[in-house]
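This report concerns only the one structure given below.
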Amino acid sequence: RGVSTRGQREVHDRGAEHEDARELDHRRHLSAQRADGKRRREHLGHCINGEAREHSVLVVRETERHDQQRQTTLAVRQAFTNMVLAKATLQLAQENLKSYQQQLDIHRTRYQAGDLGILDYERLDLQLAQYESDELSAETNLRQASDQLQVLLGYDQPRRNFDIAGNIVPPPLTGTLT
C-alpha cells in the first residue's frame, strides 16, 4: 500500500510540472507588467518638461490642501453636532431624574402611609440609581464631546466652561459628492 506504482508517479510528476509552468507564466506576466509601467513612466517623464512638472506638483499640493481642509471642516461639524447632541442628552437625563425623584417622593409618602409595601418601595428606590447613572453618563459624554471639539478648534487645554449654542437639526447640504 505504501509503494506507489510507476503510473501514479508519472501523474504526480506531470501535475507538479504543470504547477511549475503556471507559476513561471505568472512571473513572466508580472515582469512584463512592471516593464510596461516603467516604459510609460519614462515616456511621461520625457513628454512633460520641467515647467509642466512643477505645475502638476502645485496642482496636486493644492488638491491635497483642499481635501485636508474639507476633512477638517467635516470633523469640526461632526464634533459640534456631537456636543449639541450630548447637551440635549444631558438635559433629558436631568429632567428624567428630577421627574423620577418627584414620583419617588410620592411613593415614599404612600409607603409611610402604609399604602405601599416595603418591597415595592425599595424596588422603586433602586430604580433611582439607573436614572442617576444615566445622568452621570450623559455628563461624561458631554465632557468628552466638548474636549474633542476644543482640540479641533486648536485649544491647548480643554476648558470646563466651554459652551456652544445650536440645535440638533442638521444644516442643509450644499454641493454634490463628486
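The values are calculated or read from the model by the stated rules, or taken from the named source; none is laboratory data. Keep in mind that this is a model prediction, so the values were computed, not measured. A quick note on method: Cβ atoms are made from the backbone with ideal geometry, for glycine too, and the neighbour counts reach across all protein chains shown. For accessibility, only protein heavy atoms count, side chains too; no ligands or nucleic acids. Shrake-Rupley method; radii C 1.70, N 1.55, O 1.52, S 1.80 Å.
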**OP:** Let me know the shape class of segment 91-145, please: from the alpha-carbon gyration tensor, a ≥ b ≥ c as square roots of the eigenvalues, rounded when a/c is under 1.5, otherwise prolate if a/b is greater than b/c, or oblate.
**Re:** prolate
Original post:
Of D25, D36, which has the most accessible area and how do the rest follow, probe 1.4 Å?
Top reply: D25, D36
Original post:
In terms of solvent-accessible area of protein heavy atoms at a 1.4 angstrom probe, what is the ranking of F80, F162, highest value first?
Top reply: F80, F162
Original post:
Once the other residues with Cβ under 13 Å from the Cβ of Q71 are scored (Lys, Arg +1; Asp, Glu -1), what is the net sum?
Top reply: +1
Original post:
Short version: ³J(HN,Hα) in whole Hz for each residue of segment 67-76, in order, from phi by Karplus 6.51 cos²θ - 1.76 cosθ + 1.60 (θ = phi - 60°), x for Gly and Pro, what are they?
Top reply: 5, 4, 5, 5, 5, 5, 4, 4, 4, 5
Original post:
In whole Å, what is the distance between the alpha-carbon centres of segment 81-112 and segment 134-150?
Top reply: 18
